[in-house]
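The values are calculated or read from the model by the stated rules, or taken from the named source; none is laboratory data. Everything numeric here is computed off the predicted structure, so don't read it as measured data. All Cβ positions, even for glycine, are placed from backbone atoms using ideal geometry, and neighbour counts span all protein chains on display. In case anyone asks, the SASA skips ligands and DNA or RNA and just uses the protein heavy atoms, side chains included. Shrake-Rupley method; radii C 1.70, N 1.55, O 1.52, S 1.80 Å.
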Amino acid sequence: MAYFDAIQERIIRQPSVSEAVQTAIDKEQHRSEVLVGWVQMALLAVFSFAYFIGPKAFPEDVSTEPVPWFLIVYFFLTAGRLFLAHRYSLPKSYLFSSIIIDIVLLFGMIWSFHLQYGQPASFYLKSPEFIFIFLFISLRVLNFDPRFLVICGVLSAAGWSLLVVFAMMTAPSEAGRTDNYVTYLTSNSILLGVDIAKVIAILAVTFVLALAASRARHLLAHQIETAQINARLARELMVAKQRAEEADKAKSQFLATMGHELRTPLNAIIGFSEIIAQRRLGSLDAKYADYAQDIKISGEHLLGIINEILEFSRIDADHISLSSEIVDLGNVVDAAADLATAYAPKTGCPKSMGSIQNSLANAGVQLRADEQRLRQIFGQIIANAIKFSPYGQSIEISGHHVPGGFAVEIRDQGVGMSAEHVSQVLKPFYQVDADLSRRFEGVGLGLPIADRLVRLHGGALSIESELGEGTTVTVTLPTVS
């Protein structure tokens, strides 16, 4: 007994869902009720067409023809419910009442067949309209509510049982009943086992469809919950994106403001220290002149760091535009090498004149690019090579054609990097030598800036290095076709 109670609880009891999910399910059920109404109207139209257009199988002198009246009443009730379903969300009590009325009308029409055909009551037990009972039950699957199915199936089983009891009560005790199946099919006699099987079939179909509806409802609830979670995550992601964009905008604004505020006094410091160091306003103790020179060098170094940070912030925020002109790659690389070599002493690197071997000077390779930005790219890479190379070691610059472009290789014989550092070195502010006693100056933005500028030109930057064996930086850029 407890097993059947558990099954009943499983079929009829609604799954526990949140209020938002229940609201979404109610909306789907409202749409389903509209669909049920239209399907019922379609079935009614087909049945009515077949009934009124087809040949009349009942006697012409019959005094009672109740079937059309049942069809007319059913049409108006279904049309009214469909009209209300389009305008309002129908309450459950109304839907249960309409199911009861539908079943009563259907069984009333089946019961009236024996009157219309002038036959004993057992005649309607062989009516082919028995299949409409299953159509009525199966329609309720569209509601995702097993309770509708259960009430429809139970009422149908009870209705057929009442029809069987009425036929048995009105039939002669002997002639109206039989145990012979052939006699049952060829006469108006009643075979009780067949009608009991029909009742069992109604209940079995109801049970299976109720399980299917319950399962569909669970799946619908799960789908709605998943959709709502995805929608909430999308909203949260959008809010997070907006906040990140606002934070990035604030960062850029802060950097621009601080850059202006810092560069203005730094330029003054550098200018006045240069005047003092060069004794433009008169003689000065040599020691003070040296101090002024140190102030100037430190100011220039700090100004360079600020300019790097601001440059990276502009590139990272896509606030720069590239000019487009035909440039000679060899000349650009040669100018960048001269600039990096001249700048090397200011960064604390030895000026190693003649140590850069550039084989691209007469290569004749032409690119469509921003010449100033190209000099910045190669100048930064060559300056890095100088900075990390021991005094006197040569730096080789070579190149070769690749499909659709030209690859420039800048190779040094410096300290090199491990594979772990190679994979990280293009990240902003990453320092290979990051401890407090590090030997090399810089904030870790040179290569990231160069990498982003190369990508803005439609190219690619790659690094190969081994610890203690030097580093090779390859810049591939598209050439003029």
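Summary table below
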| quantity | calculated |
| --- | --- |
| Residue that is surrounded by the fewest Cβ atoms within 10 Å (Cβ to Cβ) [pool: residues in region 110-123 that are in contact with a Phe, Trp or Tyr (Cβ under 9 Å, 6 or more places away or on another chain) and more than 13 Å from residue 70 (Cβ to Cβ)] | 118 |
| Flag for residue 223 being in a helix (DSSP H, G or I), modelled with pLDDT of 75 or more and polar (S, T, N, Q) | yes |
| Evaluation of residue 233 against (1) aliphatic (A, V, I, L, M); (2) open to solvent by less than 60 Å² (accessible area, probe 1.4 Å); (3) more than 22 Å from residue 157 (Cα to Cα) (one fails), failing number | (2) |
| Every residue from region 282-323 that is at positive phi and open to solvent by 70 Å² or more (accessible area, probe 1.4 Å) | 318 |
| Some residue of region 130-144 being over 20 Å from residue 213 (Cα atoms) and out of contact with any His (no Cβ under 7 Å at 6 or more places or on another chain) | yes |
| Residue match in region 154-176 (condition: modelled with pLDDT of 80 or more, assigned to a helix (DSSP H, G or I) and in contact with a strand residue (DSSP E or B) (Cβ under 7 Å, 6 or more places away or on another chain)) | yes |
| Test: residue in region 170-178 that is open to solvent by less than 10 Å² (accessible area, probe 1.4 Å), of a type in the set (Gly, Ala, Ser) and over 27 Å from residue 99 (Cα atoms) | yes |
| Number of the condition not met by residue 135 [criteria: (1) open to solvent by less than 50 Å² (accessible area, probe 1.4 Å); (2) out of contact with any strand residue (DSSP E or B) (no Cβ under 8 Å at 6 or more places or on another chain); (3) of a type outside the set (Asp, Glu)] | (1) |
| Residues that are assigned to a helix (DSSP H, G or I), closer than 20 Å to residue 28 by Cα and open to solvent by 10 Å² or more (accessible area, probe 1.4 Å), drawn from region 138-153 | 138, 139, 141, 142, 147, 150 |
| Checklist (1) closer than 23 Å to residue 466 by Cβ; (2) touching a residue at least 60 places away in the same chain (Cβ under 8 Å); (3) not β-branched (Val, Ile, Thr) applied to residue 405, failing item | (1) |
| Checklist (1) assigned to a helix (DSSP H, G or I); (2) modelled with pLDDT of 75 or more applied to residue 323, failing item | (1) |
| Residue within region 87-109 that is in a helix (DSSP H, G or I), open to solvent by 20 Å² or more (accessible area, probe 1.4 Å), under 26 Å from residue 64 (Cα atoms) and out of contact with any helix residue (DSSP H, G or I) (no Cβ under 9 Å at 6 or more places or on another chain) present | no |
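Each row is one residue, and each column tells you yes or no for (1) over 30 Å from residue 127 (Cα atoms); (2) part of a helix (DSSP H, G or I); (3) at pLDDT 85 or above.
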site	(1), (2), (3)
179	no, no, no
203	no, yes, yes
255	yes, yes, no
263	yes, yes, no
